[in-house]
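In what follows, a single structure is set out as structure tokens and then discussed.
The values are calculated or read from the model by the stated rules, or taken from the named source; none is laboratory data. Predicted, not measured: the structure shown is a model, and the values here were computed from it. Positions of Cβ are backbone-derived with ideal geometry, glycine not excepted, and every protein chain shown enters the neighbour counts. Side chains included, ligands, DNA and RNA excluded: accessible areas come from the protein's heavy atoms. Shrake-Rupley method; radii C 1.70, N 1.55, O 1.52, S 1.80 Å.
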Amino acid sequence: MTIETVLGPIPDDRLGPTLMHEHIFTGFAELRAEYPRDVDAQDERAVRTLTALAETGFRSLVDLTVYGLGRDVRRIARIAEKAGVNIIPATGIYTFADMPGYFKNYTIRVDEDFISSVLIREIEQGIGETGIHAGIIKFATDARGLTPDIEKIIAQSAIAQLRTGVPISTHTDAPTRNGLVQQELLRTAGVDLGRVVIGHSGDSTDLGYLEQLIENGSWLGMDRFGHEPSGTLADRIATVAAMCERGYADRMVLSHDTNVTSDNTPEELRSSPLFANWHFRCVPDIVLPALRERGVSEADIEKMTVTNPVAILATPR
């Protein structure tokens with residue numbers, strides 16, 4: 001089986017240790033049009049960052065930047081080639097409440113299944129005219145919960161998943177346990193929950209909630225290491241270790257949900273102590289050694305970083 005990357009499909013045995021929920025850049029396109037930044041400098045910083053990541057043995061990552069987050073797969077492909085890393089691109093819509101006007105107007109006035117048609121095209125034919133195929137679908141629910149537009153996006157994401165077989169990775173609000181809501185909507189739509197990663201599960205220390213997500217069939221995205229405002233690094237490590245002790249290493253994946261640069265996170269915040277460890281090497285340099293100290297086996301680490309990502313991302317064609 002193969003896995004789609006921004007540089008084309010690769011055999012699944014070339015994936016190796018993988019971060020399953022990251023962003024190279026997140027941006028606000030209209031802002032960048034009027035207030036441009038030094039793109040070359042940003043790109044050079046990205047190449048340095050990912051080259052340093054590859055030196056740890058992590059040579060692959062999933063970039064869940066989709067509509068609403070400033071996706072630019074041509075740019076990401078150039079960076080992947082220079083840094084020598086595998087980057088899996090995504091399709092989907094990122095919003096916590098209202099559907100972007102473009103999608104809403106077409107859905108109402110042209111085709112009620114317009115969203116799923118776009119997602120399917122980006123998976124099967126490629127994103128725009130780039131020839132780069134999305135390898136995963138992304139959607140979000142947050143503290144506000146379900147809105148009519150979010151429910152429609154989830155339903156359309158389900159249609160695309162059933163048509164293409166690619167996995168879904170989500171954004172959730174763990175304190176309100178809305179990963180369970182996502183699961184129910186997807187299950188009702190006919191999606192195999194074994195093709196779904198419930199993102200930001202590591203924001204929770206509620207082992208009962210996490211076990212329920214697993215028992216329902218999904219993978220846990222333990223994917224915000226270093227993002228202290230949503231959960232301390234110590235709590236996140238302790239939670240993963242506890243879940244491994246309960247035998248769940250084969251249902252978890254690890255990541256940071258960080259980025260090289262972002263219009264959504266001011267640099268003034270990124271330089272504060274709350275974000276000191278929110279970088280691409282937190283998992284390999286801090287988290288994995290800490291898990292080993294807590295008794296997590298190399299076999300379990302291999303599952304969370306290699307075996308599970310392959311099982312999620314490899315899609316028969």
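Points to keep in mind about this one:
- Residues in the stretch 133-154 that are open to solvent by less than 10 Å² (accessible area, probe 1.4 Å) and either free of Cβ contacts under 8 Å to residues at least 40 places away in the same chain or aliphatic (A, V, I, L, M) (or both): A134, I136, I137, A140, I150, I153, I154.
- Flag if E184 is crowded, with 16+ Cβ neighbours inside 10 Å, out of contact with any helix residue (DSSP H, G or I) (no Cβ under 7 Å at 6 or more places or on another chain), outside any loop (DSSP other than H, G, I, E, B) and acidic (D, E): no
- Residue in the stretch 114-129 that is under 21 Å from A97 (Cβ atoms), open to solvent by 20 Å² or more (accessible area, probe 1.4 Å) and touching a helix residue (DSSP H, G or I) at 6+ places or on another chain (Cβ under 8 Å) present: yes
- Any hit, the stretch 218-228, residues being without any contact (Cβ under 8 Å) to a residue 40 or more places away in the chain and assigned to a helix (DSSP H, G or I): no
- Flag for V62 being within 20 Å of the chain's Cα centre (by Cα), among the aliphatic types (A, V, I, L, M) and over 20 Å from H279 (Cα atoms): no
- The criterion of at least 2 residues that are open to solvent by less than 50 Å² (accessible area, probe 1.4 Å), closer than 28 Å to K138 by Cβ and of a type outside the set (D, E) is met by the following helices (runs of 4 or more DSSP H) wholly inside the stretch 233-304: 233-245, 288-293.
- The residues of the stretch 1-33 that are under 17 Å from I132 (Cα atoms) and either of a type in the set (V, I, T) or at pLDDT below 95 (or both), listed by number, are T2, I3, T5, V6, I10, I24.
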